[in-house]
Amino acid sequence: MGNSNAFHYEGEKAWCPGCGDFAILNAVEKALIHAGKKPEEVLTVSGIGQAAKLPHYLKSNGFNGLHGRALPPAFGAKAANHHLTVIVTSGDGDMYGEGGNHFIHAIRRNIEMTVIVHDNQVYGLTKGQASPTSDKGMKTKLQPEGVILTPFNPLAVAIALDAPFVARSFSKEIDFTADLIEQAMRYGGFALIDVLQPCVSFNKVNTYQWYQQRAYRLGPEHDPTDRAKALAKAFEWDSGIPLGVIYKNPRPGYVATVIGDTEPLLKRKVNTEKINSLLARLY
Amino acid sequence: MPHTTLTLGGMAGQGLVTISDLLLKLLARAGYHLLATQDYMSRVRGGHNFIQIGIDADRIFAPQPIINILVALDSRSIDEHRHELTAGSIVLHDSDNKPPDINGVRFAGVPMNRFANKAGNPVYANAVALGAIAALLEIGMKGVDSLLNEHFGKKGEAAVEKNVAAAHAGYDHIAKYYAETTSSLPPVKQKTRMLINGAQAIGLGMMTGGLRFISAYPMSPSTSIFNYVTASAAELGILSEQAEDEIAAVNMALGASAAGVRTAVTTSGGGLDLMAEGISLAGVAETPIVIANIMRPGPATGLPTRTGQEDLNLVLNIGHGEFPRFVFAPGTAEEAFYTAIHAMNLADKYQAPVFLLGDQQLVDSYVTLDRLNITKVRIKEHLADPAKVPAPYQRYRITPNGVSPRLPYGTPGVRVMYDSHLHEEDGHITENADIVRAMVEKRFRKLKGMVKETGKPIWYGNKKPAITLACWGTSYGASREAVDALNRAGIKAGMAHFNRLAPFPSREARVLLANKKHVHTVEGNFTGQLAQLLARETGIHSGMPVTRYDGRPITARHIIDKLKEVHGNGKFKRISL
Ligand SMILES: Cc1ncc(C[n+]2csc(CCOP(=O)(O)OP(=O)(O)O)c2C)c(N)n1
Ligand code: SF4
Ligand SMILES: [Mg+2]
């Protein structure tokens, strides 16, 4: 890519060598370049965690907010200026744990944005506690007897909420992930991509090898518009993990339905005539 | 002169609001000054609710603890308000309910429900009551007729006719049987006055101040602002979003703000608690936001529909870490309107959170005003001009006044980074001690400009007072009426009203209060939060604060009673209220 990559950040990245996050960053850059985006048109929004550092490592606009709170500011920014391409990059803890309520309602709100969850099934930044997606039995300092809670299934929840675009990838498959991101950006609605991302430091169960042994790409025989089949795919795990677009239900997003083809809020000015007419109603 | 107080009482769902809306319009259009305060229980049906309407030729600032006319839509209303009735008070009631005998109180019975049924529907009882009230107040039926026409016109001619007939039945009944039982109002100049409540005033101020995005989660008593803005949002090009919770509401607004639009959130105590981390984010990410916190009394769920001033300490401190902020507490709807415009401007100018404190008394009470001037406060654009910003663009550039040039996302050729960590000038995470120090100092340099801004304390009353009151927010109204009453009784009194509480106007406060004897803060809380703030910021230790913490509005009578407790009855005897 070299110099043609206007998004590339040369500085130091505070991730462990071998972390899956590097590859996801790489895929994001590839998708943006391939889609012909300019850095000024793009906004990446994140919460807090290893995954959530990504906006700092991409040369474009960023909002690195609070742990669990990536989706609300992403909504606000997109609503204020819908010409922006908004990408949310978040961890499994950030998105499904601390931010779980926003995850549910952002799907219902369905604003046009791409949500990439770096799903390493662990809390990386805080050094290895269980996350909502940790497999049962995984031992950590805080779960010394192993995780006993039933794992959260983000894909199934998203399909149940009728999210318009639900996909899964594996960080090692950079081009495949980049392609999914590009599809998601073009999609026009809330698009979720849960990316399996090995945490080499803290997740000793779900390693590169573990994912590689199970992950397989969905073929053309999978019809992502069939909700029941999509849901069945979302539940596949131990025996094989499907990658690709799991579910698709095209429906107009928030910008298309609520904001419409108007000038962004950002460009609108106070209409004193209208304010005066509001005042007149008080007499 | 004490004004006329008319109280409308009834169960939730009995049409109190309809009668009161119509009556208020009627009187405002006739040129009277009004103050209507609502006392609602937190329920949708039943219970006891009332609206107290003060009527006078001059502006009214606080409710009165007495009733001249009680309109009792049910018999419980008479029992509930018995203690406020005095000799000469009139009680309008349905003549089918036999009223109790109360010494000196005059009863005017109108068969409201029978008249309504005769007109065709029990709902016309409201119109019967309105007509009867017009007769009691001796204001004639011309205004009533035209108002009913205007109000029910949309529902068709038949609706208008039946309402008019019902109103006349009520009017005629009083005129015929109770010609002596009336209470005439003082003469006023014919003039149509504006009728506005604090929620409308704050909403209008925000919209005049350039609001583009509002997000909130419903919570009494703040919801009326959100409702009011939302009703006009589409028309004004504003986006209003009901968030899934207050955490989402504040973070949505911050995202919109980073994208360059003026934003506000509305909430009440518990919701504000949930916003705390977001407010801290606004502080460090230097993101403009206006937070209207309409206080409710008590911790946790408290008294959802009642009034109190318990959140001053909260907003002065909310959000971990340190960052500059504005806190305003306007005293009246008029002040709230202009303060809200300033708030929108100042958030943008200083890239900091701005709090607007209000309470149920402010947002729900209707008052009359002559006019609001939407050009009085200049709306200034504070986003930077991309052509004038030094390259490379740095969101948190260190500047002498602490304010960094702010560009919105999407500016050609520019990368804009907002960050919740301590960061470098370009928004990149840092742990470098020198940069951290420089960044903290930069943020706090804003205070130099902020203290010079609007909202300095204002003085009212005698310049050389024997008794001085200090108030904030809606305790202004009762304090002002107490000061007037004290001065009338020959006890020199004055007061300082604090609208801006952060950054605290310490210099001005010292000028007004340092050399005064007997300073008492007046506040709707138990602990005297303004008294604490005064001591902390100025070293002035005021006397025993005049407090109220039962969810009811402070009245002048309440203040005088408390002053008597502190200073003894002596000279306070002469006070007439
Ligand atoms: C309100 C709040 N609570 C807790 C934290 C501490 N914290 C930071 S990141 C994190 C979990 C990160 O896990 P995940 O989102 O999966 O990201 P990862 O580091 O694994 O990429 C926690 C608990 C915080 N920053 N803020
Ligand atoms: S702790 Fe895990 S997730 Fe975080 S950078 Fe290291 S490998 Fe990646
Ligand atoms: Mg994780």
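The values are calculated or read from the model by the stated rules, or taken from the named source; none is laboratory data. The structure presented is a predicted model; accordingly, all values stated were derived computationally and were not measured. Cβ sites come from the backbone with ideal geometry, for glycine too, and all protein chains shown count toward neighbours. Each accessible area value is taken on the protein alone, full model and side chains, heavy atoms only, with ligands, DNA and RNA left out. Shrake-Rupley method; radii C 1.70, N 1.55, O 1.52, S 1.80 Å.
Below is a table of values for the structure above.
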| read-out | value |
| --- | --- |
| Any hit, segment A:202-217, residues being outside any helix (DSSP H, G or I), away from chain B (no Cβ under 14 Å), over 20 Å from the mean Cα position of the chain (by Cα) and away from ligand 2 (no atom under 16 Å from the Cβ) | yes |
| Odd one out for B:Leu372 among (1) more than 9 Å from chain A (Cβ to nearest Cβ); (2) open to solvent by less than 40 Å² (accessible area, probe 1.4 Å) | (1) |
| Residue that is nearest to the other protein chains (Cβ to nearest Cβ), among those in segment A:122-145 that are within 16 Å of ligand 2 (Cβ to nearest atom) and of a type in the set (Gly, Ala, Ser) | A:Gly124 |
| One residue from B:Asn227, B:Asn251 being of a type in the set (S, T, N, Q) and touching a Lys or Arg at 6+ places or on another chain (Cβ under 9 Å) | B:Asn251 |
| Residues located in segment A:55-81, provided they are surrounded by fewer than 24 Cβ atoms within 10 Å (Cβ to Cβ) and not in a loop (DSSP other than H, G, I, E, B) | A:His56, A:Leu58 |
| Hey, A:Val195 among the β-branched types (Val, Ile, Thr) and either assigned to a loop (DSSP other than H, G, I, E, B) or surrounded by fewer than 22 Cβ atoms within 10 Å (Cβ to Cβ) (or both) or not | no |
| Test result for B:Gly455, open to solvent by less than 40 Å² (accessible area, probe 1.4 Å) and assigned to a helix (DSSP H, G or I) | no |
| Index of the failed condition, A:Ile48 passing every other in (1) open to solvent by less than 20 Å² (accessible area, probe 1.4 Å); (2) within 12 Å of ligand 3 (Cβ to nearest atom) | (1) |
| Check on A:Tyr187, more than 14 Å from chain B (Cβ to nearest Cβ), at pLDDT below 95 and more than 16 Å from ligand 2 (Cβ to nearest atom) | yes |
| Filtered residues of segment A:193-207 (kept if in contact (Cβ under 8 Å) with a residue 60 or more places away in the chain, out of contact with any Lys or Arg (no Cβ under 6 Å at 6 or more places or on another chain) and either more than 9 Å from ligand 3 (Cβ to nearest atom) or hydrophobic (A, V, I, L, M, F, W, C) (or both)) | A:Ile193, A:Val195, A:Leu196, A:Pro198, A:Cys199, A:Val200, A:Ser201, A:Phe202, A:Val205, A:Asn206 |
| Among residues of segment A:1-44, those that are among the basic types (Lys, Arg), assigned to a loop (DSSP other than H, G, I, E, B) and either within 16 Å of ligand 2 (Cβ to nearest atom) or away from chain B (no Cβ under 14 Å) (or both), counted | 1 |
| Flag if A:His34 is at pLDDT 95 or above, out of contact with any Leu (no Cβ under 9 Å at 6 or more places or on another chain), buried (at least 18 other Cβ atoms within 10 Å of the Cβ) and not small (Gly, Ala, Ser) | no |
| Any hit, segment A:251-268, residues being at the interface with chain B (Cβ under 9 Å from one of its Cβ atoms), of a type in the set (Lys, Arg) and at negative phi | yes |
| Qualifying position, being among the charged types (D, E, K, R), open to solvent by 10 Å² or more (accessible area, probe 1.4 Å) and within 14 Å of chain A (Cβ to nearest Cβ), among B:Glu335, B:Glu322, B:Glu277 | B:Glu277 |
| Qualifying positions in segment B:24-42 - within 14 Å of another protein chain (Cβ to nearest Cβ) and not in a loop (DSSP other than H, G, I, E, B) | B:Leu24, B:Lys25, B:Leu26, B:Leu27, B:Ala28, B:Arg29, B:Leu34, B:Ala36 |
| Subset of segment B:18-37 (residues that are of a type outside the set (Gly, Ala, Ser), out of contact with any Phe, Trp or Tyr (no Cβ under 8 Å at 6 or more places or on another chain) and in contact (Cβ under 8 Å) with a residue 24 or more places away in the chain) | B:Thr18, B:Ile19, B:Leu22, B:Leu23, B:Lys25, B:Leu26, B:Leu27, B:Tyr32, B:His33, B:Thr37 |
| Within segment A:93-121, considering residues that are within 11 Å of chain B (Cβ to nearest Cβ) and part of a loop (DSSP other than H, G, I, E, B), the one farthest from ligand 2 (Cβ to nearest atom) | A:Ile111 |
| Of the criteria (1) within 14 Å of another protein chain (Cβ to nearest Cβ); (2) within 16 Å of ligand 3 (Cβ to nearest atom), which one A:Leu278 fails | (2) |
| Spans of helices (runs of 4 or more DSSP H) in segment B:135-251 with at least 1 residues within 14 Å of chain A (Cβ to nearest Cβ) | B:142-152, B:198-208, B:223-236 |
| Single unsatisfied condition, B:Arg415 versus (1) facing another protein chain (nearest Cβ under 10 Å); (2) open to solvent by less than 30 Å² (accessible area, probe 1.4 Å) | (2) |
| Qualifying residue in segment A:207-228 (condition: within 16 Å of ligand 1 (Cβ to nearest atom) and within 22 Å of A:Gly100 (Cβ to Cβ)) | no |
| Residues within segment A:128-139 that are near ligand 1 (Cβ under 9 Å from one of its atoms) and open to solvent by 20 Å² or more (accessible area, probe 1.4 Å), tallied | 2 |
| Residue count for segment A:49-92, restricted to those that are within 7 Å of another protein chain (Cβ to nearest Cβ) and within 15 Å of ligand 2 (Cβ to nearest atom) | 1 |
| Of all residues making up segment A:229-263, the number that are among the small types (Gly, Ala, Ser) and part of a helix (DSSP H, G or I) | 4 |
| Residue within segment B:289-300 that is facing another protein chain (nearest Cβ under 10 Å) and crowded, with 24+ Cβ neighbours inside 10 Å present | no |
| Search result, residues across segment B:412-443 that are small (Gly, Ala, Ser) and in contact with a Leu (Cβ under 7 Å, 6 or more places away or on another chain) | B:Ser420 |
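Condition check ((1) surrounded by 24 or more Cβ atoms within 10 Å (Cβ to Cβ); (2) among the hydrophobic types (A, V, I, L, M, F, W, C); (3) modelled with pLDDT under 95) across all residues:
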| position | (1), (2), (3) |
| --- | --- |
| B:Leu211 | yes, yes, no |
| B:Ile214 | yes, yes, no |
| B:Met219 | no, yes, no |
| B:Ser222 | yes, no, no |
| B:Asn227 | no, no, no |
| B:Ala231 | no, yes, no |
| B:Ala248 | yes, yes, no |
| B:Met252 | yes, yes, no |
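Listed here are the residues, each with its yes/no results for (1) within 11 Å of the chain's Cα centre (by Cα); (2) within 16 Å of ligand 3 (Cβ to nearest atom).
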| site | (1), (2) |
| --- | --- |
| A:His56 | no, no |
| A:Lys59 | no, no |
| A:Phe63 | no, no |
| A:His67 | no, yes |
| A:Gly91 | yes, yes |
| A:Met95 | yes, yes |
| A:Phe103 | yes, yes |
| A:His118 | yes, yes |
| A:Val122 | no, yes |
